[in-house]
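Heads up, the thing below is written out as structure tokens.
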Number of protein chains: 2
Amino acid sequence: MQDAGYTIQDMAERCGMTAHTLRYYERVGLIQPVGRARNGHRRYSEADEAWLHFLHCMRATNMPIREMQRYAELRELGDATSLERRKILEDHRTAIATQIVELQQAHALLTHKIANYKKIEQRIRIGGPMIAEPEPDCSLAPAS
Amino acid sequence: MQDAGYTIQDMAERCGMTAHTLRYYERVGLIQPVGRARNGHRRYSEADEAWLHFLHCMRATNMPIREMQRYAELRELGDATSLERRKILEDHRTAIATQIVELQQAHALLTHKIANYKKIEQRIRIGGPMIAEPEPDCSLAPAS
DNA sequence: CCTTGACTTTGAGTGCGCTCAAAGATGTAC
DNA sequence: GTACATCTTTGAGCGCACTCAAAGTCAAGG
């Protein structure tokens, strides 16, 4: 039996989620009840796949399930909800931009600290002076 | 009474955490038992602040508490643990880089979809043809 | 016929990271 | 002196997003 469409396992792999998560998303209304094969098994369409990819992308960037539910709900209502949906996406985009900045700052901080560790390791190897720089570890306080 | 140092409230504000969280971090060993005023209240030092800022930065970039605990533990053991600590930071830096890429991709996707919503709204305003583009909403499937 | 394996459902359980409640001590302001 | 704010402790509770357990159905293979 195949009845056209992807099985839940296929879809899970394609979208980088587990089958558990796919059923969960359906339960909480993130995706409309999915088509079934004659034996009752779920069969996912290409459209389902696109939507699930989108959901995955939003979750991967920390959009709360609640907000995704709201978006999915509006989506069911058609073009009339375009404005509100756009606002959700714009807000999320802003949140993403903020996250990127934080991550970039942390990245820079880590690069700095990693270099510092290399120095410490060098001193240890050559048996050099063990007088560490001010705060060998956790420094780079408030501002930096 | 002041006994030198920041109160827990001060420190919470300075580090962008709550007092609850500061106590929690102390409980779970992320920060060594903090100095006390004569009345038993915590008094945080500048060094505490630097360390807490670092912790905040790591948490804000999704380092698990577990890993922070491991790092804090090694830190107590001094320079001999430099290599292992560096590895932790390098791994986290890698994780951050990955996150940044994901976020950037999502950002681009959202920009695309937001533009699409603007088109839809335009069509609605001018009462134009309501034949939407293929998949007005969730498109931009797998690859894109 | 019997096993195997992929699926189904419902409801409960898990792990993380806080977050709060309750009861009590202390210092400052009126 | 008494109200008030701010802190203290311990242990429990919570929200989120899964994640799993149990019991059952179904189709194919040997």
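Can you confirm whether B:Gly5 is within 16 Å of DNA strand C (Cβ to nearest atom) and either modelled with pLDDT under 95 or in contact with an Asp or Glu (Cβ under 6 Å, 6 or more places away or on another chain) (or both)? Criteria met by B:Gly5. Contact annotation: residue pairs with Cβ atoms under 8 Å, 6 or more positions apart or on different chains, pairing a residue in region B:23-39 that is over 16 Å from B:Tyr71 (Cα atoms) with a partner that is open to solvent by less than 40 Å² (accessible area, probe 1.4 Å) and aromatic (Phe, Trp, Tyr), are B:Val34/B:Tyr44; B:Gly35/B:Tyr44. On the stretch given as region A:74-118, residues that are open to solvent by 10 Å² or more (accessible area, probe 1.4 Å), among the aliphatic types (A, V, I, L, M), more than 7 Å from every other protein chain (Cβ to nearest Cβ) and closer than 22 Å to B:Arg123 by Cβ total 3. Per the listing A:Tyr25, A:Tyr44, A:Tyr6, the residue uniquely of a type in the set (Phe, Trp, Tyr) and within 14 Å of DNA strand D (Cβ to nearest atom) is A:Tyr25. Just one of the listed residues (B:Ala47, B:Ala80, B:Ala60) is hydrophobic (A, V, I, L, M, F, W, C), more than 14 Å from DNA strand C (Cβ to nearest atom) and touching an Asp or Glu at 6+ places or on another chain (Cβ under 8 Å), namely B:Ala47.
The values are calculated or read from the model by the stated rules, or taken from the named source; none is laboratory data. Values in this document were obtained by computation on a predicted structure and should not be read as measured data. Ideal geometry is used to build each Cβ from the backbone, glycine not excepted, and the neighbour counts take in all protein chains shown. Keep in mind that these areas ignore ligands, DNA and RNA; they rest on the heavy atoms of the full protein, side chains included. Shrake-Rupley method; radii C 1.70, N 1.55, O 1.52, S 1.80 Å.
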